[in-house]
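Reading through the structure tokens given below for one structure.
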2 protein chains.
Amino acid sequence: MDAKRKKYLDARAKVLKAMAHPSRLFIIEELEKGERCVCELTEMIGADVSTVSKHLTVLKQAGIVTDDKRGNQVFYQLRVPCILNFFGCVESVLESQAQDHAASLAVGR
Amino acid sequence: MDAKRKKYLDARAKVLKAMAHPSRLFIIEELEKGERCVCELTEMIGADVSTVSKHLTVLKQAGIVTDDKRGNQVFYQLRVPCILNFFGCVESVLESQAQDHAASLAVGR
DNA sequence: TAAGTATTTGGCAATATGGCCAACAAGTAA
DNA sequence: TTACTTGTTGGCCATATTGCCAAATACTTA
């Protein structure tokens, strides 16, 4: 694997890694509906504000969201609108797992 | 966030997490072309066989690949053919980052 | 059976992640 | 100014990840 290929893979892995956490997926899905301030997301997630803020930093550094401070609050928004189409394939993976599980139950394994 | 939503997010995060590593992305891209044995992947990645084997275990447990032992060798294949379409959006994120970077250079920031 | 090849597993060390609390920064309002 | 609200940052701890080596397992072939 040459250096160019490695760089390509590193960049893509970084974006996926930023998405690969339940709270961060939640944030992404929520921002699909429109911008949200940190306090709203914190309320919905039910973790400490500092925790949510750090998740948002991860998403921002990965280039997935941008922020906009207005008065007291900071509003986050999705930077790339397609981000959720992205999940069609994750669904397929999950569905095929479910099928396997059903099949193994039927066979009695 | 209710229990059902949490379960949904956990399942999707798990699949993304399994993909979020350069060597595992490499494996996924390589398997798009057809099945490969562990020794071929190891050769291409240039890490220890045991390391590659563990990456494959991660992908298998996430439901992304399946394995098939034939004789001495174990061949891995993608379980879900769409897995690479999946990357259109990652590309968008990376491109928008690149644009920002170019813009900030132009402005002299 | 003995030796060789392919792969997985266990163990360990280094590093990264996630989440909480406390402290700080910035804005608003009394 | 003082007090309050919203967010971010630093510190700390528990846990997870990654990667290597060594050992074990499974097949094949001499």
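Summary of values
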item	result
Residue list for segment A:65-93, restricted to those being out of contact with any Asp or Glu (no Cβ under 7 Å at 6 or more places or on another chain) and at pLDDT 90 or above	A:VAL65, A:THR66, A:ASP67, A:ASP68, A:LYS69, A:ARG70, A:GLY71, A:ASN72, A:GLN73
Some residue of segment B:49-63 being surrounded by 16 or more Cβ atoms within 10 Å (Cβ to Cβ), within 17 Å of the chain's Cα centre (by Cα) and polar (S, T, N, Q)	no
Close pairs from segment A:47-66: first farther than 21 Å from A:VAL80 by Cβ, partner more than 10 Å from DNA strand D (Cβ to nearest atom), Cβ under 7 Å, at least 6 apart	A:ALA47/A:SER23
Members of segment A:1-46 that are open to solvent by 50 Å² or more (accessible area, probe 1.4 Å), hydrophobic (A, V, I, L, M, F, W, C) and either more than 7 Å from chain B (Cβ to nearest Cβ) or out of contact with any helix residue (DSSP H, G or I) (no Cβ under 8 Å at 6 or more places or on another chain) (or both)	A:ALA3, A:CYS39
Residues being away from chain A (no Cβ under 14 Å), within 17 Å of B:LEU25 (Cα to Cα) and in contact with a helix residue (DSSP H, G or I) (Cβ under 9 Å, 6 or more places away or on another chain) - total across segment B:53-74	2
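Listed here are the residues, each with its yes/no results for (1) more than 8 Å from DNA strand D (Cβ to nearest atom); (2) under 16 Å from B:LEU78 (Cα atoms).
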residue: B:MET19; (1), (2): yes, yes
residue: B:LEU25; (1), (2): yes, yes
residue: B:GLU30; (1), (2): yes, yes
residue: B:LYS33; (1), (2): yes, yes
residue: B:ARG36; (1), (2): yes, yes
residue: B:THR42; (1), (2): yes, no
residue: B:THR51; (1), (2): no, no
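A quick yes/no check of all residues on (1) modelled with pLDDT under 95; (2) charged (D, E, K, R); (3) in a helix (DSSP H, G or I); (4) within 11 Å of DNA strand C (Cβ to nearest atom):
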| site | (1), (2), (3), (4) |
| --- | --- |
| B:LYS14 | yes, yes, yes, no |
| B:SER23 | no, no, yes, no |
| B:GLU30 | no, yes, yes, no |
| B:SER50 | no, no, yes, yes |
| B:THR57 | no, no, yes, yes |
| B:GLY63 | yes, no, no, no |
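The values are calculated or read from the model by the stated rules, or taken from the named source; none is laboratory data. Note that this is a predicted model, so its numbers are computed, not measured. So basically every Cβ, Gly included, is an ideal-geometry build from the backbone, and we count neighbours across all protein chains shown. Quick note on the areas: whole protein, heavy atoms, side chains included, nothing else; ligands and nucleic acids left out. Shrake-Rupley method; radii C 1.70, N 1.55, O 1.52, S 1.80 Å.
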